[in-house]
Structure formats: structure tokens, C-alpha cells
Amino acid sequence: MTIQENDLSSSSPFHHQFFLLLSRMMLQLRRNRTGLCIQFFHHLLSGFMVSGIFVSIGNDATQILPLLKFCTCCVVFCTFTYIMIPILLFPLEVKVLQMEYFNRWYSFKAYYFALTVSTLPLL
């Protein structure tokens with residue numbers, strides 16, 4: 001018994017898979033009020049902490065190193081905050097993902113692309 005290339009691909013086109021998964025993930029995001037509240041307060045608390053640390057840095061243009069530290073802090077915050085969402089959600093969705101992927105409902109590429117795009121509104 002040999003496995004052909006078309007046996008491994010899903011039957012629906014990529015854009016159908018993507019939009020279906022994206023609508024499902026956006027619905028899950030809207031229904032998860034606790035997660036949204038946690039993210040909102042995390043951003044609020046982090047904003048107050050960062051503004052407290054760098055409160056008078058922007059008024060003096062001679063302080064280049066503190067401005068660089070502020071920019072680095074903002075980039076690291078945004079990067080790690082939005083990388084952690086898929087990392088924390090993935091273990092909860094492994095069983096569903098395995099069942100749906102092995103039934104060839106959608107591809108991994110469509111799933112991860114929809115997961116990435118669904119986190120953009122919070123960004």
C-alpha cells in the first residue's frame with residue numbers, strides 16, 4: 001500500500017479553510033471574556049509600569065541610551081505578549097486539532113495562519 005500526494009491533502013481550497021478557521025477563532029475570542037479581561041489588565045498594568053520607568057526620558061533629546069532602552073522594551077513587550085497567546089492556547093487545542101487534521105478538514109498551514117491573524121486585533 002502506497003500513500004499518494006493527493007491522499008494527504010485536504011479536499012477544500014486553502015482560502016475556504018482559512019476563513020472558516022478564522023471565523024471560528026474570532027468567535028472563540030469573543031466568547032472568552034476572561035482571557036480578554038486578563039489581556040486588557042495586563043496591557044494596562046504593563047503600560048503604567050513602563051511609563052513609570054521611562055517617565056521623563058522623551059523630554060531630553062540628549063539621552064539616547066534611555067530612549068533606546070524604551071524602544072527595546074516596547075518591542076520586546078509586543079513580541080513576547082503576542083507570541084505567548086498561541087503557545088498557551090496550543091495545548092488546550094491539541095486533541096481537537098489532531099482529530100480535525102487527521103480527518104483532513106484543514107491543513108496545518110491554514111490553522112496556524114488563521115491563529116496568527118486572529119491575534120492581530122488584540123495587537
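Quick notes
- Per residue, in Å², the accessible surface of the chain once ligands and nucleic acids are set aside, probe 1.4 Å: 77 Å²
- Exposure rank, largest accessible area first [His43, His16; 1.4 Å]: His16, His43
- Heavy-atom accessible surface of Ile53, to the nearest 10 Å², is about 120 Å², with a 1.4 Å probe and all protein chains retained.
- By the helix-only formula, in which each DSSP H run with n ≥ 4 contributes -39500 (n - 2.57) and the sum is divided by residues, the chain has a 222 nm mean residue ellipticity of -25500 deg cm²/dmol.
- Of all accessible heavy-atom area on the chain, the percent that carbon and sulfur account for (1.4 Å): 71 percent
- Three-way shape call for the chain based on the alpha-carbon gyration tensor, with the a/c threshold at 1.5: prolate
- Solvent exposure, largest accessible area first (probe 1.4 Å, DNA, RNA and ligands not counted), of Arg31, Arg24, Arg104: Arg31, Arg104, Arg24
The values are calculated or read from the model by the stated rules, or taken from the named source; none is laboratory data. Predicted model only: the values in this text are computed from it and were never measured. Side chains are part of the model used for accessible areas, which takes the heavy atoms of the whole protein and leaves out ligands, DNA and RNA. Shrake-Rupley method; radii C 1.70, N 1.55, O 1.52, S 1.80 Å.
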